[in-house]
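Scroll down for the structure; my scribbles are underneath it.
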Amino acid sequence: MIEINHVSKWYGSTFQALKDCTTKVAKGEVVVVCGPSGSGKSTLIKCVNALEPIQEGDIILDGIKVNDPKTDLPKLRARVGMVFQHFELFPHLKIIENLCLAQEKVLGRSHDEAMAKGAKLLDRVGLKVHANKYPAELSGGQQQRVAIARALAMDPIAMLFDEPTSALDPEMISEVLDVMVDLAREGMTMMVVTHEMGFARKVAHRVIFMDQGEIVEDAQKDDFFGKPRSDRAQKFLSKILSH
Amino acid sequence: MNYNWNWSIFFEPAPGGTGTYFHMLLTGLWLTIQTGIFAWIIALIFGSIVGVLRTLPSKTAYWIGFAWVEFFRNMPLLVQLFLWFFVLPELLPRSWGLWLKQMPNAPFYTAAIGIGLFMSARVAVQLAAGIASLPRGQKQAATALGLTTLQGYRYVLLPIAFRIIMPPLTSEFLNTIKNTAVAITIGLIELTGQARSMQEFSFQVFEAFTAATVMYLLINIIVVTGMRFLERSLAIPGYITGK
């Protein structure tokens, strides 16, 4: 589903954010990407739907080359859901309008169709009663659930999560993770940048560990938590699991 | 000071036989309003386009926006009006220049367009700043949903940016109206022009300019009130300008 082949990326001419990264996510697979801050994990996930351009290598999404200048990027991006660290709901639109905008403008669905789909997904994330509120009137956890529903409204073939719980207060993290766990169990293809190792243990198939722009470890979940091969991954795990 | 006050001068017939002095000032006021509104529409249209150009990733777009803004904001308004009114017709091919000079209402169109373009540079800078003040993630979220750049601006970035810059935009609208007084120099007999004629005919300089002052004040109070109302009706609950 997602193939990342020897991808390198530079910011400006000197700082190399990604160094020869290669990995793949199969259909229905849940892959967690972790690593210390500045390791390039968010950059990597943003390259998958070309929010960030790459300078070397190839990224292939459902058979379509993302970094091909001829690719219709808006059309391709519409098929991949993305959830951001800071939710990024559109503040001037009501919750239900946030869910309808791209359905109507990008997929060309009728307003009624989009509203019905939006209502169904809001119900699914438990926020139907808030449909006519504005994003700023909701809590962080609620906003992130809306953001997930907004991405799902596009009927994506895969979902990308960029630290979806990092901006949340602790008591709100689980309500977001619950939605993500359900999604994973339904067989959604997911690439998730997160520090939530509990989530990784529960639903991930594979875990990728990144450091300084490199993929240091790319292992099956049990292998990763059982016997991480690299020193750097061991150190990282001991730091985040010690509390 | 030996001055003969005469506040009833407004109700005396003005030379020219079109009515009283008050009526004469009202004609000027109406022309001021027309010029101001026409110029403001031009400023908003061109300012929006140029403001957006200055925020696009394309270097060409940025330079076009940069050149526009620097050209129109670095020359005194008076010089610009002289340029359009006296110099431009001489630079054009003879027949075009002649057509321009003979155009009915040439001072009105020159003033409205000239002031509009001058103000567009200021609107552009404010809009660009408004867009730049939005979190980067907003544009990314719009892009990730499959919206094209144009759709992203139309449905997400501009609606928020315009709300943010509403207060300074109000000031620019007021400036546009006040700047129409400069048009007296190219023969537009707007409010300031009529006040001057009244002074010349009647020698009642204080009465004439007191009336003009009050009229300018009145239009601007109406504009400020109107913009406040607009601002309030567009406020987003819980977000920056909202409550």
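Read the figures in this text as sums done on the coordinates, not as results from a lab. Note that the coordinates shown come from a computational prediction; the quantities given were computed from them, not determined experimentally. Neighbour counts run over all protein chains shown; Cβ positions are idealised from the backbone, glycine included.
Brief remarks on what is shown
- For A:LEU18, residues with placed amide H under 5 Å, excluding near neighbours: A:LYS9
- Acute angle (nearest 10 degrees) that the helix A:140-152 long axis makes with the longest principal axis of chain A, alpha-carbon atoms: 90
- When each of B:TYR21, B:TYR3, B:TYR153 is scored by the number of other beta-carbon atoms lying within 10 Å, the sequence from fewest to most is B:TYR3, B:TYR153, B:TYR21.
- Across segment A:106-112, rounded Karplus estimates of 3J(HN,Hα) from the backbone phi angles (6.51 cos²θ - 1.76 cosθ + 1.60, θ = phi - 60°) give 9, 8, x, 6, 6, 4, 4 Hz, Gly and Pro being marked x.
- Computed magnitude of the charge dipole of the protein assembly as shown (debye, nearest 20; Cβ of K, R +1, Cβ of D, E -1): 200
- Local net charge near B:MET198, Cβ-Cβ under 11 Å (Lys/Arg +1, Asp/Glu -1): -2
- Once both labels are positioned 7 Å from their Cα atoms along Cα-to-Cβ, the gap between B:LEU26 and A:THR71 label points is 6.8 nm.
- Estimated FRET transfer efficiency (B:LEU92, B:ILE221; beta-carbon r; R0 45 Å; 0.05): 0.60
- Shape category assigned to chain A from the gyration tensor of Cα positions, a/c cut at 1.5: oblate
- Distance from the C-alpha centroid of segment B:51-68 to that of segment A:59-73: 28 Å, rounded to the whole angstrom.
- Environment charge of A:LEU101, counting only residues whose C-beta is closer than 13 Å and scoring Lys/Arg +1, Asp/Glu -1: +3
- Of A:LYS70/B:LYS139; A:LYS105/A:LYS128; A:LYS9/A:LYS70, those spanning more than 26 Å from alpha-carbon to alpha-carbon: none
- Taking a ≥ b ≥ c as the square roots of the eigenvalues of the Cα gyration tensor, an a/c ratio of 1.5 or more together with a/b larger than b/c marks segment B:19-73 as prolate.
- At full extension, B:ASN2 and B:THR149 could sit 46.2 nm farther apart than now, given 0.36 nm per residue minus the alpha carbon distance.
- Segment A:1-133 shape via C-alpha gyration tensor axes, a/c threshold 1.5: prolate
- Take the Cα of B:SER58, go 7 Å toward its beta carbon, and the backbone nitrogen atoms of segment B:145-166 under 13 Å from that spot belong to B:149-150.
- Which of B:THR192, A:THR71 has the fewest Cβ neighbours within 10 Å, and the rest in rising order: A:THR71, B:THR192
- Estimated at 0.36 nm per residue, the fully extended path between B:LYS178 and B:ALA235 surpasses their Cα-Cα distance by 17.8 nm.
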